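A.B. asks: What follows is a structure written as structure tokens; I'll ask about it next.
The values are calculated or read from the model by the stated rules, or taken from the named source; none is laboratory data. Remember, predicted model here, so these are calculated numbers, not experimental data. Don't worry about glycine lacking a Cβ; one is built from the backbone with ideal geometry, like all the others, and counts go over all protein chains shown. These accessible areas exclude ligands, DNA and RNA; they are computed on the full protein's heavy atoms, side chains included. Shrake-Rupley method; radii C 1.70, N 1.55, O 1.52, S 1.80 Å.
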Amino acid sequence: MGRAFEFRKERKFKRWAKMAVQFTRIGKDIVIAVKEGGPHPETNSRLRTAIQNAKAVNMPKDRVDAAIKRASDKSMANYEEIVYEGYAPHGVAVLIETATDNTNRTVANVRSYFNKTNGTLGKTGSLDFVFSRKSIFRFLPGELDLEELEFELIDSGLEELFVEADEEGNDVVVAQAAFEDFGRMQKALEEKGIELKSSKLERIALSHHAVTEEQAADVLKLIDKLEEDDDVQAVYHNMEE
């Protein structure tokens with residue numbers, strides 16, 4: 001099947017084993033949200049979103065509550081959110097979102113991953129022409145009339161509505177809006193009683209970079225190293241699948 005196939009298969013098994021990592025990342029989201037807007041989800045939309053995403057990955061409620069309580073302690077330091085940008089081998093653009101309590105550690109680690117895989121860490125803003133930040137909402141289709149829903153959501157900033165398969169092969173509806181329309185779209189979906197599986201600000205590649213299977217395997221080495229780092233919240237790339 002080729003090296004790239006084997007790497008992708010291995011990464012799928014790794015994703016299944018990454019529940020603890022997901023909990024850690026959502027725990028950081030909760031801390032940042034509480035520090036930003038307080039411990040009450042009804043008045044803190046970012047916290048409401050983090051709790052929603054916690055449910056989507058089956059994060060236990062006691063862990064969510066513990067994270068909120070921990071974040072409410074004023075003596076607890078907040079996490080700093082930093083974005084790193086660069087190029088993997090073979091010219092693939094890579095953007096990394098991090099949340100860290102030690103910026104020196106984080107930048108040293110990220111730089112070492114690029115160096116060890118023959119990539120190049122660039123300057124912040126150097127990939128603005130490659131990625132666009134979008135509001136992405138995912139939910140189950142159920143009995144929804146998607147054509148009617150698409151029409152109803154246009155006034156709330158909907159740019160695109162489509163169906164994709166999740167990792168288990170189940171259909172999931174994806175609603176995409178502009179970065180600045182996150183709150184409007186979230187409110188519109190909540191008012192319609194739609195239970196969201198996740199709601200996030202994601203980076204969408206505006207163009208894709210073609211690579212061979214051999215080259216894809218090299219790129220995935222860097223992406224794997226980044227995704228395994230505790231300070232990394234999300235990794236985006238423009239490699240053509």
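A.B. asks: If each residue of separation counts as 0.36 nm, what is the full-extension length gain between Lys74 and Asn118 once their alpha-carbon separation is subtracted?
C.D. replies: The Lys74-Asn118 span can extend by a further 11.6 nm.
A.B. asks: Here's something else I'd like to know. Provide the per-residue ³J(HN,Hα) series for region 170-175, in order, calculated from phi with Karplus coefficients 6.51, -1.76, 1.60 and θ = phi - 60°, each as a whole number of Hz, with x at glycine and proline positions.
C.D. replies: 8, 6, 10, 7, 10, 10
A.B. asks: Hey, could you get me the Stokes-Einstein D for region 64-164, Kirkwood radius over alpha-carbon pairs, 25 °C and 0.890 mPa s, rounded to whole µm² s⁻¹?
C.D. replies: It diffuses with D of about 139 µm²/s by this estimate.
A.B. asks: Asp166: net charge of surrounding residues, Cβ under 9 Å, Lys/Arg +1, Asp/Glu -1, itself excluded?
C.D. replies: Charge balance near Asp166 sits at -2.
A.B. asks: Let me ask something additional. Can you tell me the dipole magnitude for region 101-223 around its Cα centre, using point charges on the Cβ only (Lys, Arg +1; Asp, Glu -1), in Debye to the nearest 20?
C.D. replies: About 1260 debye.
A.B. asks: I would also like to ask the following. Using a Gaussian network model on the chain with a 10 Å cutoff between Cα atoms, which of Val163, Val34, Val21 fluctuates the most?
C.D. replies: Result for the chain, Cα springs under 10 Å: Val163 fluctuates most.
A.B. asks: Which whole-number value in Å² is the accessible area per residue of the chain, probe 1.4 Å? Working shown, then result.
C.D. replies: Details: 13240 Å² over 241 residues.
Spelled out: the 1.4 Å probe surface of the chain, per residue, equals 55 Å².
A.B. asks: Of the accessible area of the chain, with the probe set at 1.4 angstrom, what percent is carbon plus sulfur?
C.D. replies: 49 percent
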